[in-house]
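A.B. asks: Pasting a structure here, questions to come.
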Amino acid sequence: MAKKKALITGILGQDGAYLAKLLLERGYDVHGAARPSASWNDWRLRELGIAERVTIEAFDLLDYENIRRLVDRVRPQEVYNFAAQSLVGSSFEQPLYTADADAMGVLRLLEVCRSVNPAIRFYQASSSEMFGGVSAVAFNESAPFHPRSPYAVAKVFAHHATVNYREAYGLHASAGILFNHESPLRGRQFVTRKITSTLAEIKAGANVTLRLGNLAAKRDWGFAGDFVEAIHQMICAERADDYVIATGRTRSVRDFVGAASAALGFDLDWCGSGIAETARERRSGRVIVEIAEEFFRPVEVETQLGDAGKARRALHWAPSVEFETLVMMMARADYDRVMSGRALM
Ligand code: NDP
Ligand code: GDP
């Protein structure tokens with residue numbers, strides 16, 4: 001039997017790499033799409049040992065003709081759209097670009113799938129940021145959207161476009177509303193990996209300080225490896241639908257710093273408050289963490305908590321990695337990278 005062919009946009013990012021590994025293990029022919037570049041930075045694919053097993057194609061969410069030619073040539077049965085300007089903080093600096101890539105880019109891709117082969121199964125990477133986080137209850141698929149960043153506004157458009165193509169044209173188009181998911185392959189601009197990579201550098205003797213913004217923000221943090229499993233189950237399901245994917249537990253950025261410090265053997269002593277708060281290593285008195293205005297956002301999503309009950313019932317999905325294990329995994333991976341002289345990407 002011929003192998004199933006999948007096209008993963010954003011393959012060089014965290015989720016693209018984990019999903020590529022999962023699909024290869026399941027016998028797929030994996031094509032990845034990445035922004036045109038003289039030399040693709042495939043460090044995540046290399047860390048997972050799959051760089052030689054995927055075909056990477058040049059692709060830009062901003063360019064309709066390029067997307068059409070690519071899908072027409074590759075002829076995938078499944079398209080997973082992970083490509084995006086994915087940084088919430090940067091979206092306040094680049095709102096127009098974010099909308100063009102994260103909203104219009106998805107419409108371009110949907111339109112291409114519809115015209116090239118409406119039998120393509122399509123996955124859209126929707127985000128818990130669409131909910132906003134103005135209430136302390138767990139969000140499920142029926143919760144109203146209240147986007148609080150240009151990133152979230154664009155993701156809401158893309159989400160509705162995905163549902164619309166399913167309803168209007170019968171496309172097998174699913175959207176996973178994923179809460180934050182992390183791993184040793186997370187980008188260093190995100191707070192979790194920023195924390196583990198910087199603490200690992202300090203542990204190894206580097207003269208740096210961990211500078212953070214809002215320590216009180218709470219996120220429902222899961223493991224990316226678990227979350228791509230749910231994504232594949234959505235694509236394989238008989239009926240396309242939308243699913244919240246989350247762990248159902250929420251922790252603060254301060255909790256994450258505490259767990260990562262413990263994982264790396266730091267005993268922190270917090271003192272001061274607000275912008276003047278610091279954390280010192282109790283033994284040496286050295287400042288490890290300080291607060292910096294520049295990492296606060298114009299408007300913040302304070303609390304995120306997801307209810308993945310529908311995915312549990314319909315897809316039989318459940319997360320397998322606990323918060324403490326996730327933090328430990330990330331801290332150890334960064335410490336190993338630093339100690340073996342590998343660059344922190
Ligand atoms: P990453 O930032 O790691 O990966 C996104 C990829 O998209 C990058 O490789 C980036 O390439 C690429 N990209 C950016 N702009 C364009 C463009 N114009 N054309 C083509 N490619 C582009 O994100 P994740 O893997 O963590 O997330 C995957 C998807 O899931 C994203 O859409 C994200 O918004 C969404 N999501 C993620 C969550 C999470 O917690 N990880 C939670 C909810 C949703 P380059 O490196 O060149 O910039
Ligand atoms: P997000 O949930 O997609 O925005 O993921 P991030 O990892 O970028 O941010 C998670 C939370 O950490 C947000 O509430 C941020 O405001 C907060 N945060 C606090 N300090 C920092 C920081 O230095 N960098 C980032 N990226 N976020 C920070």
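The values are calculated or read from the model by the stated rules, or taken from the named source; none is laboratory data. Everything quoted here is computed from the prediction, not taken from an experiment. Quick reminder, even Gly has a Cβ in these numbers, built from the backbone with ideal geometry, and neighbours come from all protein chains shown.
A.B. asks: For the stretch 64-75, which positions are surrounded by 13 or more Cβ atoms within 10 Å (Cβ to Cβ), of a type outside the set (S, T, N, Q) and without any contact (Cβ under 8 Å) to a residue 40 or more places away in the chain?
C.D. replies: ARG69
A.B. asks: Then there is this: Does LEU22 satisfy the condition of being in contact (Cβ under 8 Å) with a residue 60 or more places away in the chain, of a type outside the set (S, T, N, Q) and part of a helix (DSSP H, G or I)?
C.D. replies: Yes; evaluated as a whole, the condition is true for this residue.
A.B. asks: Could you check, for the stretch 106-125, whether at least one of its residues is touching a residue at least 40 places away in the same chain (Cβ under 8 Å), within 16 Å of ligand 1 (Cβ to nearest atom), crowded, with 24+ Cβ neighbours inside 10 Å and closer than 18 Å to THR247 by Cβ?
C.D. replies: The answer is yes; a qualifying residue exists.
A.B. asks: Further, regarding this structure: So which pairs qualify, if the first residue must be in the stretch 141-164 and among the acidic types (Asp, Glu), the second must be buried (at least 21 other Cβ atoms within 10 Å of the Cβ), the Cβ gap must be under 6 Å, and the two must be at least 6 apart or on different chains?
C.D. replies: GLU141/VAL244
A.B. asks: While we're here: Count, please, the residues in the stretch 302-339 that happen to be assigned to a loop (DSSP other than H, G, I, E, B) and modelled with pLDDT of 95 or more.
C.D. replies: 11
A.B. asks: Kindly indicate whether any position in the stretch 131-143 is assigned by TED's automatic domain parsing to the domain that holds LEU61 and within 25 Å of ILE67 (Cβ to Cβ).
C.D. replies: no
A.B. asks: Now, a different point. With ALA168, ALA158 as the choices, which residue is of a type in the set (A, V, I, L, M, F, W, C), part of a helix (DSSP H, G or I) and crowded, with 17+ Cβ neighbours inside 10 Å?
C.D. replies: One residue alone meets the criteria, ALA158.
A.B. asks: Which condition does LEU215 not pass, out of (1) more than 15 Å from ligand 2 (Cβ to nearest atom); (2) surrounded by fewer than 24 Cβ atoms within 10 Å (Cβ to Cβ); (3) touching a residue at least 24 places away in the same chain (Cβ under 8 Å), if it passes all the others?
C.D. replies: Checking LEU215 against (1) more than 15 Å from ligand 2 (Cβ to nearest atom); (2) surrounded by fewer than 24 Cβ atoms within 10 Å (Cβ to Cβ); (3) touching a residue at least 24 places away in the same chain (Cβ under 8 Å), the one that fails is (1).
A.B. asks: Right, next: If we only count helices (runs of 4 or more DSSP H) wholly inside the stretch 47-137, which ones have 2 or more residues that are within 17 Å of the chain's Cα centre (by Cα)?
C.D. replies: 88-93
A.B. asks: Next question, about the same structure. Which ones in the stretch 185-205 are in a loop (DSSP other than H, G, I, E, B), over 20 Å from ALA84 (Cα atoms) and touching a residue at least 24 places away in the same chain (Cβ under 8 Å)?
C.D. replies: Within the stretch 185-205, ALA204 is the sole residue that qualifies.
A.B. asks: Further, regarding this structure: If the Cβ limit is 8 Å and pairs must be 6+ apart or interchain, which residue in the stretch 227-251 that is on the phi > 0 side of the Ramachandran plot pairs with which residue that is in a helix (DSSP H, G or I) and modelled with pLDDT under 95?
C.D. replies: Nothing qualifies.
A.B. asks: Let me ask something else. Being buried (at least 17 other Cβ atoms within 10 Å of the Cβ) and under 17 Å from VAL79 (Cβ atoms): is that true of ARG148 here?
C.D. replies: no
A.B. asks: Sticking with this structure for a sec: So which residues in the stretch 98-141 are at positive phi and hydrophobic (A, V, I, L, M, F, W, C), if there are any at all?
C.D. replies: none
A.B. asks: OK, next. Let me confirm something: among VAL163, VAL153, VAL208, which residue is surrounded by fewer than 24 Cβ atoms within 10 Å (Cβ to Cβ), in a loop (DSSP other than H, G, I, E, B), β-branched (Val, Ile, Thr) and at negative phi?
C.D. replies: After applying the criteria, what remains is VAL208.
A.B. asks: Search the stretch 36-46 for residues being of a type outside the set (Gly, Ala, Ser) and in a loop (DSSP other than H, G, I, E, B), and hand back the single one that is nearest to ligand 1 (Cβ to nearest atom).
C.D. replies: That would be ASN41.
A.B. asks: Sticking with this one: Among the listed residues PHE227, PHE190, identify the single one that is of a type in the set (Phe, Trp, Tyr), within 22 Å of the chain's Cα centre (by Cα), within 15 Å of ligand 2 (Cβ to nearest atom) and more than 22 Å from GLU294 (Cβ to Cβ).
C.D. replies: So the residue among PHE227, PHE190 that is of a type in the set (Phe, Trp, Tyr), within 22 Å of the chain's Cα centre (by Cα), within 15 Å of ligand 2 (Cβ to nearest atom) and more than 22 Å from GLU294 (Cβ to Cβ) is PHE227.
A.B. asks: Might you let me know whether the stretch 254-266 holds any residue that is at negative phi and assigned to a loop (DSSP other than H, G, I, E, B)?
C.D. replies: Yes, the stretch 254-266 contains a residue that is at negative phi and assigned to a loop (DSSP other than H, G, I, E, B).
A.B. asks: Can you tell me which residue among GLY248, GLY222 is within 14 Å of ligand 1 (Cβ to nearest atom), under 25 Å from GLU302 (Cβ atoms) and not β-branched (Val, Ile, Thr)?
C.D. replies: GLY222
A.B. asks: Based on this model, can you work out whether ARG283 counts as out of contact with any strand residue (DSSP E or B) (no Cβ under 9 Å at 6 or more places or on another chain) and not assigned by TED's automatic domain parsing to the domain that holds HIS160?
C.D. replies: Against the criterion (out of contact with any strand residue (DSSP E or B) (no Cβ under 9 Å at 6 or more places or on another chain) and not assigned by TED's automatic domain parsing to the domain that holds HIS160), ARG283 qualifies.
A.B. asks: Here's something else I'd like to know. Cβ contacts < 8 Å: first residue crowded, with 18+ Cβ neighbours inside 10 Å, restricted to the stretch 319-345; second residue among the basic types (Lys, Arg) and outside any helix (DSSP H, G or I), any location; separation 6+ or different chain. Result?
C.D. replies: Close Cβ pairs (under 8 Å, with a partner that is among the basic types (Lys, Arg) and outside any helix (DSSP H, G or I)) amount to PHE323/ARG249; PHE323/ARG251; MET330/ARG186.
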